[in-house]
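Working notes, structure below.
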Amino acid sequence: MANDTDLGRAGGVTQEKVLGLLSAVKDPEVGINIVDLGLVSWVKVTETAVEVEFTLTYPGCPLGPTIEEQIVRAVKDGTGIGEVRARIVWEPPWSEERMSEAARLELGYPI
């Protein structure tokens, strides 16, 4: 889940706002948004930029660049902030425990 210790403010934009915008970005393979899927590792909002670190469900997933583009577009369009950076990270690694209860139910995982 995103880390709120690095939360700043950019023209009234908050980490919660960014996470809400990222909830519209879906993993193309499973059709669940990247927040509920547990792919968003970290969000930082400063006075002039938004940074998002995310992971993928497995190394070598070919959809990383697609998800990265969708993150940047969703945050830019939803906030008007011109500088948005998204970056794939592998630590912490993704696991099914990172999914929200809603995502676990949708995918048939035990709660």
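The values are calculated or read from the model by the stated rules, or taken from the named source; none is laboratory data. Computed from a predicted structure; not experimentally measured. Note: ideal-geometry Cβ built from the backbone for every residue, glycine included; neighbour counts use all protein chains shown.
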Inset, instruction - Taking the residues in region 78-103 that are polar (S, T, N, Q) and either more than 21 Å from VAL50 (Cβ to Cβ) or modelled with pLDDT of 95 or more (or both) as candidates, determine which candidate is surrounded by the most Cβ atoms within 10 Å (Cβ to Cβ). - result: SER100
Legend entry - Looking only at region 50-63, and only at residues there that are modelled with pLDDT of 95 or more and of a type outside the set (Phe, Trp, Tyr), the one that is farthest from the chain's Cα centre (by Cα): VAL50
Inset, instruction - Could you please give the count of residues in region 60-81 that are out of contact with any strand residue (DSSP E or B) (no Cβ under 7 Å at 6 or more places or on another chain) and acidic (Asp, Glu)? - result: 2
Inset, instruction - With respect to ARG73, determine if the residue is among the basic types (Lys, Arg), modelled with pLDDT of 95 or more and either touching a Leu at 6+ places or on another chain (Cβ under 8 Å) or under 12 Å from VAL40 (Cα atoms) (or both). - result: no
